Amino acid sequence: MKNSGNWTPSKFVRKNGRLTASRNRRHVGIGSRLIVDLVAEAYDRHLRHFCRGRLVDLGCGRVPLYEAYKAYILDNTCVDWANTIHKNEYLDFECDLTEKLPLESEAFDTVVLSDVLEHVPEPEALWKEMGRILVSGGRVLLNVPFYYWLHETPHDYYRYTEYALRRFATLGGFNVLVLEPLGGAPEVIADILGKILVERVPLVGRPMAMLVQSMTYRFVKTKLGKKVSAGTSQQFPLAYFLIAEKQAASAAGDP
């Protein structure tokens, strides 16, 4: 990563020993704090177990996960495209993720693809490229939204079900190790309501949105809240988190 010494936290910050959403509105809008908190928790749980070696951060933006994964890797390579709204000084390669990546085959152990796949108009091509640049046994860690508003338009193309994610992983030559919904109906309702309050209600909208999301987050940490969230997450997921491992050539059916 270029200029790593100048890196500063953006979307994610570490607070009280855990990864969480930044409360800086320049990095995370008030209406999006809840979903970013859930995504942060997922990476915080899994990076230490599945992140290793040479890592490439695709669609990296401001590299918000750098602090979270840097202790587990040897080095990281940052890649993003010219249309990103998150330009930065850390890029190693600027390229279109729908085209062949300017990276060597079997050069990486880990791919991070955070909040990116929904912005890629040809996801099949990217899955094949991730399979090409990863070593056998290399892992992809990614998250995507599901019940979520349009963002970074007009470059917002898809919402993936768990079945679509499994299919793309399989077609790309990967085994799915982890695939979990992030949030259920309570989180979906809080996310939608929070965004409506921020966007449509003058003066009091922002504090009301913060209150709604805070109360929902606390509720889903209770015994009842966990039950309601988990019980509705299969039909009403707010987002998904996935980890997939590249199959060995023989397992993938290669000659």
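Does ASP75 satisfy being surrounded by fewer than 22 Cβ atoms within 10 Å (Cβ to Cβ) and within 25 Å of HIS46 (Cβ to Cβ)?
yes
Quick test for you: out of VAL212, VAL220, VAL204, VAL198, pick the one residue that is closer than 24 Å to GLY29 by Cα and loosely packed, with under 15 Cβ neighbours inside 10 Å.
Checking each option against the conditions leaves just VAL204.
Working only within segment 73-90, note down all residues that are hydrophobic (A, V, I, L, M, F, W, C) and at pLDDT 95 or above.
Once the filter is applied, which keeps residues that are hydrophobic (A, V, I, L, M, F, W, C) and at pLDDT 95 or above, segment 73-90 yields ILE73, LEU74, CYS78, VAL79.
In segment 95-121, which residue that is modelled with pLDDT under 95 and out of contact with any helix residue (DSSP H, G or I) (no Cβ under 8 Å at 6 or more places or on another chain) is surrounded by the fewest Cβ atoms within 10 Å (Cβ to Cβ)?
This residue is ASP96.
Among the residues of segment 213-234, write down those that are within 23 Å of the chain's Cα centre (by Cα) and of a type in the set (A, V, I, L, M).
VAL220, ALA230
Within segment 1-41, can you find the residues that are within 23 Å of VAL79 (Cα to Cα), within 19 Å of the chain's Cα centre (by Cα) and not hydrophobic (A, V, I, L, M, F, W, C)?
THR8, PRO9, SER10, LYS11, SER22, ARG26, HIS27, listed by residue number.
Could you list all residues from segment 88-109 that are over 23 Å from ALA21 (Cβ atoms) and polar (S, T, N, Q)?
Within segment 88-109, THR98, SER105 meet the criteria.
Pairs only if they're at least six apart or on different chains, beta carbon under 6 angstrom, first in segment 53-75 and in contact (Cβ under 8 Å) with a residue 40 or more places away in the chain, second crowded, with 20+ Cβ neighbours inside 10 Å and assigned to a helix (DSSP H, G or I); list them, first residue then second.
ALA68/TYR43; ALA68/LEU47; TYR69/LEU47
Restricting to segment 130-161, what's the tally of residues that are farther than 23 Å from ARG33 by Cα and either at pLDDT below 95 or in contact with a strand residue (DSSP E or B) (Cβ under 9 Å, 6 or more places away or on another chain) (or both)?
Adding up the residues that qualify gives 10.
The values are calculated or read from the model by the stated rules, or taken from the named source; none is laboratory data. Note that this is a predicted model, so its numbers are computed, not measured. Here Cβ is always computed from backbone atoms with ideal geometry, including for glycine, and neighbour counts include all displayed protein chains.
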